[in-house]
1. Can you pull out every residue in the range 277-312 that is of a type in the set (Val, Ile, Thr), more than 19 Å from Tyr215 (Cβ to Cβ) and crowded, with 18+ Cβ neighbours inside 10 Å?
2. Among all residue pairs at least 6 apart or on different chains, which show Cβ distances below 8 Å where the first residue, located in the range 307-328, is on the phi > 0 side of the Ramachandran plot and the second is outside any helix (DSSP H, G or I) and at pLDDT below 95?
Amino acid sequence: MKRFLILLVIALMTLTVIACSSSEGNPEASVSPKVTASATTSITPAPSDSSMASTAPTPTPTPTATSVVSVTPSPTESSKPSVTPASTDSSKASATTVPADSPKASVTSTPAATQPETKPEPTQQPEISPKGKKVLFVGREQVPVPAEDVVMADRLKGMGFIVTRLGDKDFTADETKGYDLLYFSQTVNSKFLKGGVMKDVAIPTVYVKSHGMFYLGLSSLEEGATVKKIKSIDIVDSKHKVAGGLSGTVDVYKEADTGYGVSYGIVGKEAKVIATIPGDKTKAALYYYDKGSKADNGYTVKARVAFYYWSNGMQDNSTDAGWKLWDNIVLWTLQNG
């Protein structure tokens, strides 16, 4: 009987070993080979400790199979820690990196996006060239044509303008149509400018006749607007393009005389003054009004209007500085700001 029991136990152990080895072949059980070994060891003490008849109940070694199955949670627990920290770390890293990068990117892109410094480039409109532009030159109606009118018309042509001369007696506002620039010589008889004939004309205009500015309300002085026996002016806005780099007191005539001088205007608040009578800033010798600006009497300027200080016959007495200022005020007026 003892032998039979021993043989039965051996047979059961053999079956258990076979079952364990077959579970190693099973892909689901292969997750934890170490657990199988521990299960086998736990079974070995059971038969060796109880070899007596009381071992009969132990034939239920099936629980060992359950112990194998029940042990499987342990790998899941071990896999959990390995997976959890990895995922937590990576998520932390990604979470940390994203906000860290995104503010940096936004900070870097903000100055790049705001490029107002390129605005000085685009806002500057290209300068209007005088070449091919049409000028209506209005001067005194007489024969022969006044010498200064001939010289000034020729100078305008030399700058590239197409010049049409018109006698002051024939001048009307309708005559201005189709021109790019209007030029009123100092030889014009002021009576032809009375009544504000030019108030509705929206063409850039240069006056070398102070009365023309008065009739538009751009100067408050009609007569006696010339200081004689002087040959210089004070540049009060040396940075302006019209000044052309000139500054301080500048000689514009080669010599002074009682027969001529520097003309001026008493201007309004919105006038842009480039030069004045020496020592008197209230008397503007070289100035202009921009398009859209207002005279003190409420008149709105339709196009840029400028004044230049010459007296009659100054074409032979003008200095290089005087000619430079004349060229510059003509070109500046053409831009029609």
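The values are calculated or read from the model by the stated rules, or taken from the named source; none is laboratory data. This is a predicted model, so every value here is computed, not measured. Backbone-built Cβ (ideal geometry, glycine too); neighbour counts: all protein chains shown.
1. If we filter the range 277-312 for residues that are of a type in the set (Val, Ile, Thr), which is where we start, we get 277, 282, 300-301, 305.
Applying the additional criterion that residues be more than 19 Å from Tyr215 (Cβ to Cβ) yields 277, 282.
Hit for the range 277-312 is Ile277, nothing else.
2. The qualifying pairs are Gly313/Tyr260.
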